[in-house]
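Peer 1: Have a look at this one.
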Amino acid sequence: MTVTRTVATLATASLVALSLASCAESQRESSGSGASGGGGGTFTFGAAGAPKVFDPFYATDGETFRVSRQMFEGLVSFKPGSADVAPGLATEWKPSADGLTWTFTLREGVKFHDGTAFDAEAVCKNFTRMYSQTGAGATAAVSQYWTDNFGGFADKKAPSLFKSCTAKDAKTVDVAISRVTSKFPAILGLPSFSMQSPTAMDKYKANDVKTQGEGFVFSDYANKYPTGTGAFAFESYDQANKTVTLKRND
């Protein structure tokens, strides 16, 4: 396997190329030279199709999630090869006595790819963004994973599992839910509920989803500026060649 300093991908015909986080592991095993002691180079991966959108909140297809898992992280993750919940951007979590409020302790020193600090305020801005969808965004056709797992939105047209998010301090956040359920907090490990940069989402109007004919048009954020905390950062997408280029997040 060729290891990467900058992850660039190439594709032909209908194959879409993208990089895998697994090459980060190969860097540590490489005897090559590099700024961090690992190797350098390019990892090329051909997939079955092109991702539909780069904002994981609006994603429903496997090829989008294949890319977004390299760029984004959730509050929790899963132990490899299992459905057991494991630490992600949160190092630990615990429920209140009634099971309706979950307190998450966050990893410290984490930044989004654009330099924005990951903290409790950023977590709450993400939940507020997801819960406050309007128009086309507040439909199952666009926000399918939210409607399937959390239910409704802030417009109260349908009940929602999500109730509120409170930043107690920079590294501690309370997430309140409306009913006790065994799927929480495990559902926060789904790629759709990954943490995204509030700065980038505001700047590039992440919630700007419009109906066009029988489909939808997404914002510049979803197409050009997806910003997470993951091992790789978005660099470019060549629509003509269906080529996604990611670069290592140092």
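Bear in mind that the values in this text are calculations on the coordinates, not laboratory data. As the structure is a prediction and not an experimental result, all values here were calculated from the model. As a convention, Cβ positions derive from the backbone with ideal geometry for all residues, glycine included, and neighbour counts pool all protein chains shown.
Peer 1: Which entries of 94/168; 157/183; 168/203; 183/205; 125/156 have Cα-Cα distances beyond 21 Å here?
Peer 2: In this structure, 157/183; 168/203; 183/205 exceed 21 Å between Cα atoms.
Peer 1: Using the Cβ atoms and a cut-off under 9 Å, what net charge is assigned to the surroundings of residue 201, where Lys and Arg are +1 and Asp and Glu are -1?
Peer 2: Overall, the nearby charge balance is +2.
Peer 1: Also: Given the Cα atoms of the range 16-248, and with Rh set as the inverse mean 1/r over their pairs in the Kirkwood sense, what is Rg to Rh to two decimals?
Peer 2: Value, to two decimals: 0.97.
Peer 1: Give a residue-ordered list of calculated ³J(HN,Hα) values for the range 172-189 (Karplus: 6.51 cos²θ - 1.76 cosθ + 1.60, θ = phi - 60°; whole Hz; x for Gly, Pro).
Peer 2: Per residue, the Karplus-derived 3J(HN,Hα) values read 10, 9, 9, 10, 9, 10, 8, 7, 6, 8, 6, 8, 10, x, 4, 4, 6, x Hz.
Peer 1: Another one. Count charges around residue 180 for me, please; just the other residues with Cβ under 15 Å from its Cβ, Lys/Arg as +1, Asp/Glu as -1.
Peer 2: +3
Peer 1: Net charge near residue 143, counting Lys/Arg +1 and Asp/Glu -1 over other residues with Cβ under 12 Å of its Cβ?
Peer 2: Taking every Cβ under 12 Å from that of residue 143, the sum is -1.
Peer 1: Here is a follow-up. Over the range 37-93, what is the mean sequence separation of C-alpha contacts under 8 Å (at least six apart), divided by residue count, expressed as relative contact order in percent?
Peer 2: Relative contact order here is 20 percent.
Peer 1: Give the relative contact order (percent, whole number) for the range 118-250; include only Cα pairs under 8 Å separated by 6+ residues.
Peer 2: 19
Peer 1: Could you give the nm distance between label points at residue 117 and residue 199, where each point is 7 Å from its Cα heading toward the beta carbon?
Peer 2: If labels sit at residue 117 and residue 199, their model points lie 1.2 nm apart.
Peer 1: Another question, if that's okay. Given an 8 Å cut-off on Cα distances and at least 6 residues of separation, report the relative contact order of the range 16-248 as a percent.
Peer 2: Relative contact order, the range 16-248: 24 percent.
Peer 1: How would 180, 85, 123, 217 line up from fewest to most surrounding beta-carbon atoms within 10 angstrom?
Peer 2: Sorted ascending by nearby Cβ count, the order is 180, 217, 85, 123.
Peer 1: Would you calculate the separation in nanometres between label points at residue 94 and residue 52, each defined as 7 Å from the Cα along the Cα-to-beta-carbon direction?
Peer 2: Here the modelled spin labels are 4.1 nm apart.
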